[in-house]
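The values are calculated or read from the model by the stated rules, or taken from the named source; none is laboratory data. Just so it is clear, the structure is predicted and the values come from calculations on it, not from any experiment. Please note: Cβ atoms are built from the backbone with ideal geometry, for glycine as well, and neighbour counts cover all protein chains shown.
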Amino acid sequence: MEESERAVPVLEFDEFFRSEYRRVVGLASVLCGRTAVAEELAQDAFVSAYRHWERVAHYDDPGAWVRRVVANLATSTLRRRTREARALSRLALRREPEPMRLRGIDDDFWRAVRALPRRQAQCVALRYLEDRSVEEIAAVLGIAPATVRVHLHTARFALAARLGETLDEETP
């Protein structure tokens, strides 16, 4: 005879929840080591039990079913946290210092660039930070090369004015 077919007195879910919740949270807490996470896991397990209550209520020990769900959730949570920690460690190892500070680029200049209209700032950053050609900038931004040249030209004069410099009309 299957577990769900046995003649077992059927509990009301509310009664079951009140009688088991604290102990299930305790189990989850021991398994995952964090009370807040344990409460979430227990709640998720009880939500699952509620969704399947017509079946779970007839088990010999519905509490065992909820505990199995919590144990599985705790294992999944620990695996996910471990993967996240490894990923963060890998990212931290690859992290490079801020490029502008490494290259000694003037913060005032980049503040002025950020004050430009968006497309001009993008063109300037791609040109002078990444040393991209007009054609490459056009491809990155999805605009025509002539438009990039106009943005760079306009931006140069705006930056010169903001930084107290003067440019000749012929300056490339």
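If you go through segment 53-97 and keep only what is assigned to a loop (DSSP other than H, G, I, E, B), closer than 18 Å to Ser19 by Cβ and not aliphatic (A, V, I, L, M), you end up with His58, Tyr59, Asp60, Asp61. Taking Glu136 as the residue in question, decide whether it is free of Cβ contacts under 8 Å to residues at least 60 places away in the same chain, assigned to a loop (DSSP other than H, G, I, E, B) and surrounded by fewer than 17 Cβ atoms within 10 Å (Cβ to Cβ). The answer is no for Glu136.
Any residue at all in segment 88-105 that's out of contact with any strand residue (DSSP E or B) (no Cβ under 9 Å at 6 or more places or on another chain), under 30 Å from Ser48 (Cβ atoms) and modelled with pLDDT under 90? Yes.
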